[in-house]
Every structure is written in C-alpha cells, then in structure tokens.
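*Asks:* My structure is below; once you've seen it, I'll send some questions.
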Amino acid sequence: MQPPRCCLLLHLHLHLLLYLLLLSGIQADLEGSFTLRLLQTSTFQNNSFVDTEGLGLLEDIELGSLDKHTWTIHFYQPWVRPALPRGDWDTIENMIKIYLQKFNHLINKGAMQKDVPYPFVAQCMAGCEVYPNRTSRAFAYVGYNGQDFLSFNMDNATWLLSQDTKLSRYVQAVLQNYTAFTELVEVLFNDTCVDDIEVLLHYGKAALERQGETTLTLACQQPPFPSTTLTGTKSLPFSASAKPQVLPSARSM
C-alpha cells in the first residue's frame, strides 16, 4: 500500500487557498481563534469500486464538498466560488480527478499485495488552528477503518503511530521515507495556513458572524453536548480544536 497520497486532495485544497491569497493581497485582523479542516474519506468496497467523499470546513461552516459520482466540487457558500475565476476552478477539478484515479489504483494495488481484506476505509484530516496573535497549530491525521492510525508531528516532521500494528508500522515507514510529501505538509500547513484563513475570513466574515450569534443563542437555550460541535442541523463527533479519537466519515456529516 502507498498511503502517502491519501492526503494529496487535502493539499490541493490548501494550495488553492494560497492562490487566493496571492490574487487578493488581503490582510485580515484575527479576532479570535479559527480552524480550517479538510477531510477525505475513501471506502474501498472491492478492488474495482471506491466511494470517495471530501469536505472542507472553516470552523463549522461547510465550504464545499466533492461529488462522489463526478468528482466535481459542490460549493456550499455563495462567497467561495467567486474568489477564483471559473477556469481556475476547472483546473483544480481536473487535478483532483487525476489524483483520485492514481490514489485508487495505488491503494488497491497495495491492499492486494499486503492481503488487506475488503471493504476498508481510508481517512485523512488536515488543517490548522490560527490564534489572534497569528500563531498557529497545524495538524494532520490518517485513519484506517474508523480508528486513529497515524499523526504527523509538525515540529520535527515525523509520523507517529496511533496504533502499533504491522500495517501501521509499514505505512509509517513509507510516509517517513517520502521526503517530498513531508516537505509539502510542512510548507502548506505551517507556512501558509494563516494566510489561507485570512482570505477565507475576508470572504466569509458575515457568515462567521452569523454563526457566532447562532452558537450564542444555542448555548443560552440548552446545555452543550459533550465532545460535539453544533453546526445548525448537523454535528461533528470531535472538537474543531482537538484531535479526533476517531476520524469522521464525510457521509456522517
């Protein structure tokens, strides 16, 4: 199995956000902490059928998702799509499709070589939390069949085991030796995350302000659910600022 590519879709999204920064030259004043999360869930039913879902969130605002049938982007907020010209979105979608084709082929090939039983689920969550003083905390996690599998230590650029199995040690070794991937993770999440969030805050300021008012109203009306972040009509089984015990399925969102 060659899982290093399991998070490349997430990195394509962050590369897009960096491009937004270059186009706009926007600077934003952070008034609080904000978290950007990018998720991918790929369910391998057998060696010929894979169901892939992707989701991007700023705080609990869903920015967009990936159509699992056509692999095109569905925009959930009216202020996201206008940030880039149509031709640039087309380029991003083409890159995603190429990535997913390679991802499915490589994962299936590795699963057969390592006798991994079908069906199984591969998940990735990556992003960062930015604080008012413009410092940030980046994170990247890999899940396998709903269990924490690996995490990335941004301070020393190493992959850490969340469970000690033959499969997890194998994946850890492959990831650790994939220096280009490690460098990409470091640059995107440590170096550009603050700028990415500033651009999104500029475009989505009104939506975030409305979200804050809604959250305050809910807090006054009822006690908070433990370990759950309300999103209006949906809930996520983890805190936006903490590592999830189990990576969520995009379908459950």
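The values are calculated or read from the model by the stated rules, or taken from the named source; none is laboratory data. If you're wondering where the values come from, they're calculated on a predicted model, not measured in any experiment. Heads up, the Cβs are rebuilt from the backbone with ideal geometry, glycines too, and the neighbour counts pull from every protein chain shown.
*Asks:* Does the stretch 120-127 include one or more residues that are more than 16 Å from the chain's Cα centre (by Cα), surrounded by fewer than 20 Cβ atoms within 10 Å (Cβ to Cβ) and over 30 Å from F34 (Cα atoms)?
*Replies:* Going through the stretch 120-127, the residues more than 16 Å from the chain's Cα centre (by Cα) turn out to be 120.
Cutting the leftovers down to surrounded by fewer than 20 Cβ atoms within 10 Å (Cβ to Cβ) gives us 120.
In the following step, the residues that additionally are over 30 Å from F34 (Cα atoms) were identified as 120.
Within the stretch 120-127 (the criterion being more than 16 Å from the chain's Cα centre (by Cα), surrounded by fewer than 20 Cβ atoms within 10 Å (Cβ to Cβ) and over 30 Å from F34 (Cα atoms)), the answer is yes, since at least one residue qualifies.
*Asks:* Among the residues of the stretch 72-91 satisfying the criterion of being in a helix (DSSP H, G or I) and more than 25 Å from A206 (Cβ to Cβ), which is farthest from the chain's Cα centre (by Cα)?
*Replies:* Among residues in the stretch 72-91 that are in a helix (DSSP H, G or I) and more than 25 Å from A206 (Cβ to Cβ), the one farthest from the chain's Cα centre (by Cα) is G87.
*Asks:* Let me ask another. Got a sec? Which of E53, E31 is of a type in the set (D, E) and at pLDDT below 80?
*Replies:* On the way: E53 fails: at pLDDT below 80.
Of the residues listed, the single one that is of a type in the set (D, E) and at pLDDT below 80 is E31.
*Asks:* Answer yes or no: is there a residue in the stretch 103-123 that is modelled with pLDDT of 85 or more and under 30 Å from K205 (Cα atoms). Can you show your working first?
*Replies:* Narrowing the stretch 103-123 to residues modelled with pLDDT of 85 or more: 115-123.
Going one step further and asking which of them are under 30 Å from K205 (Cα atoms), we end up with 123.
Yes, the stretch 103-123 contains at least one residue that is modelled with pLDDT of 85 or more and under 30 Å from K205 (Cα atoms).
*Asks:* Do the conditions hold for V142, that is, is it more than 22 Å from A111 (Cβ to Cβ) and under 16 Å from the mean Cα position of the chain (by Cα)? Write out each step before concluding.
*Replies:* Working: more than 22 Å from A111 (Cβ to Cβ): no; under 16 Å from the mean Cα position of the chain (by Cα): yes.
The answer is no for V142.
*Asks:* Go through the residues of the stretch 133-153 one by one and say whether even a single one is of a type in the set (D, E) and either under 30 Å from A206 (Cα atoms) or free of Cβ contacts under 8 Å to residues at least 24 places away in the same chain (or both). Full working, then the answer.
*Replies:* So the first thing to find is which residues in the stretch 133-153 are of a type in the set (D, E), and the list is 148.
Imposing the further condition that a residue be either under 30 Å from A206 (Cα atoms) or free of Cβ contacts under 8 Å to residues at least 24 places away in the same chain (or both) reduces the set to none.
No: the stretch 133-153 contains no residue that is of a type in the set (D, E) and either under 30 Å from A206 (Cα atoms) or free of Cβ contacts under 8 Å to residues at least 24 places away in the same chain (or both).
*Asks:* Quick one: how many residues across the stretch 52-104 are touching a strand residue (DSSP E or B) at 6+ places or on another chain (Cβ under 9 Å), in contact (Cβ under 8 Å) with a residue 60 or more places away in the chain and among the hydroxyl-bearing types (S, T, Y)?
*Replies:* Final tally of qualifying residues: 1.
*Asks:* Could I ask something else about it? Can you tell me which residue in the stretch 31-67 is surrounded by the most Cβ atoms within 10 Å (Cβ to Cβ), limited to those that are outside any strand (DSSP E or B) and within 16 Å of the chain's Cα centre (by Cα)? Step through it out loud before you land on a result.
*Replies:* Step one: filter the stretch 31-67 for residues outside any strand (DSSP E or B), giving 31-33, 47-48, 59-60, 67.
Still in the list and also within 16 Å of the chain's Cα centre (by Cα): 59-60, 67.
Numbers: E59: 25, D60: 19, D67: 13.
In this case the residue turns out to be E59.
*Asks:* If only one of I98, I107 is assigned to a helix (DSSP H, G or I), β-branched (V, I, T) and surrounded by fewer than 18 Cβ atoms within 10 Å (Cβ to Cβ), which one is it? Even if it seems obvious, please write down each step before you answer.
*Replies:* Working: I107 fails: surrounded by fewer than 18 Cβ atoms within 10 Å (Cβ to Cβ).
Only one candidate qualifies: I98.
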